[in-house]
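Shown next, in structure tokens, is the structure this report addresses.
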Amino acid sequence: MKIHEYQAKDLFSTYGIPVKKHRLCFSVAEAVSAYKDLGEQQVVVKAQVLTGGRGKAGGIKLASNEEEVSSKAAQIIGMTIKEYQVEKVLVTEAVNIVSEYYVSFAIDRNKKSALLIMSPEGGVDIETVAVETPDKIFRFNIDPMIGIPDFLARQFAFTMFTSIEQVNQMATIIQKLYRLFLEKDASLAEINPLVQTAEGQLIAIDAKMTFDDNALFRHDDIRPLAELTAEEKTEVSAKEKGFSYVSLDGEIGCMVNGAGLAMATMDMIKLYGGSPANFLDIGGSSNPVKVIEAMKLLLSDKRVKVVLINIFGGITRCDDVANGLLEAFRQIETQTPVIVRLTGTNEKEGRALLQNTRFLVAQTMSEATHMAVEIASKS
Ligand code: GDP
Ligand code: MN
């Protein structure tokens, strides 16, 4: 789970990592009143979207008076950064930057430990630094039994700074960021850039955190910070209905019983040159209520041009499934072509029930998939 910069900065504050004062604003008027409220000469107006690279996209602008705050906020609110529409901005005190550094904690799965990553070349080009001058990126695995005691924190800090004044600040930031990373079950806690100001202060002017979804249950304070995309909302509501659903970007909606068969269906669609719109395992039963819910889910995705229902009747009998489908589609209004492939117990009876109905009936999985790919490519 990702969170916004302003949310991550609030967590930083709680843990004593230095950040500047800020105000979250949803409109130009709010930005202007935040500017007055902060009482600073210079501020930065920053797009709050769940993606990086805002600076390069023009989503971060300095402003030195009310008119500038107003015009910059107007430019940023409503703009689109990597498919994310900007709905809110952060107005924050500007900093006099002398140099920009990078510091983060991530999980190193190979070493089964947290990994501290630091670089004296932080800022918007950190990816280029990593590729072109990898020797400027320092990595330290943290032994979970030892953590980061003072001597280690100072040792790490000395790789970045020579002045004891900065070393001490850096060592504290490293320890606090590590505690935050650990205590909140984060998968990433990143400061890019951590800046040194003209006054010699180290301050986090950006903040990025992601959390392990599987640990969210034990963090009542982190869970509510989630801001789900439309796709994620659909996946959550599917889960509540007992489906296992993953949205993809293709055109063929799939409804399958069993995860293995669902994977095989997606593979076959790809093999025949099509692309699946989703993974959907509706589980064992053929209950019409479930089919209706599953169809609604598939049809809510406007990219879906054809639906492929692939059912293996083991304990579930194919004629039951066919009756379930017929009943379900009495209640669903859609022009979308629906292909059904039934195999297993009572498959002949099942297929017979679907002949001369709104369904396109296929006998084999290969035949069904071919039909789906062809329809999708023509419509
Ligand atoms: P990102 O592009 O999404 O990573 O957004 P950042 O918050 O990291 O900002 C991008 C860049 O904008 C930083 O690397 C800084 O160079 C610049 N920037 C951000 N805040 C300030 C500020 O207060 N003062 C100055 N002078 N530059 C800033
Ligand atoms: Mn940044």
ask   = Taking into account only those residues within region 244-277 that are in a loop (DSSP other than H, G, I, E, B) and either at pLDDT 95 or above or touching a Gly at 6+ places or on another chain (Cβ under 7 Å) (or both), which is surrounded by the most Cβ atoms within 10 Å (Cβ to Cβ)?
value = A277
key: Options E199, E165; residue that is exposed (fewer than 14 other Cβ atoms within 10 Å of the Cβ), over 24 Å from the mean Cα position of the chain (by Cα) and within 16 Å of ligand 1 (Cβ to nearest atom)   = E199
request  = Could you check G78 against (1) under 27 Å from the mean Cα position of the chain (by Cα); (2) within 16 Å of ligand 2 (Cβ to nearest atom) and say which number it fails?
outcome  = (2)
query = Can you pull out the residues in region 75-90 that are within 20 Å of A8 (Cα to Cα), free of Cβ contacts under 8 Å to residues at least 60 places away in the same chain and more than 10 Å from ligand 1 (Cβ to nearest atom)?
reply = Y84, Q85, V86
Inter-residue pairs, beta-carbon under 6 Å, first farther than 12 Å from A207 by Cα and in region 45-57, second part of a loop (DSSP other than H, G, I, E, B) and within 9 Å of ligand 1 (Cβ to nearest atom), 6+ apart = A47/R54; A47/G59; G55/V124; K56/V124
task = For region 325-352, name all the residues that are surrounded by fewer than 21 Cβ atoms within 10 Å (Cβ to Cβ), under 22 Å from E293 (Cβ atoms) and touching a residue at least 24 places away in the same chain (Cβ under 8 Å).
result = L326, E327, A328, F329, Q331, I332, T334, T336, P337
request  = State yes or no: is S163 away from ligand 2 (no atom under 16 Å from the Cβ) and among the polar types (S, T, N, Q)?
outcome  = yes
remark   = Considering region 96-112, residues that are in a strand (DSSP E or B) and of a type in the set (S, T, N, Q), and then whichever is nearest to ligand 1 (Cβ to nearest atom), we arrive at S99
request  = Can you tell me which residue among K46, K61, K56, K72 is more than 10 Å from ligand 1 (Cβ to nearest atom) and either outside the structural domain of E121 (by TED's automatic domain parsing) or modelled with pLDDT of 95 or more (or both)?
outcome  = K72
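The values are calculated or read from the model by the stated rules, or taken from the named source; none is laboratory data. Note that the structure is predicted; figures quoted are calculated from it, not measured. We place every Cβ from the backbone using ideal geometry, glycine too, and count neighbours over all the protein chains shown.
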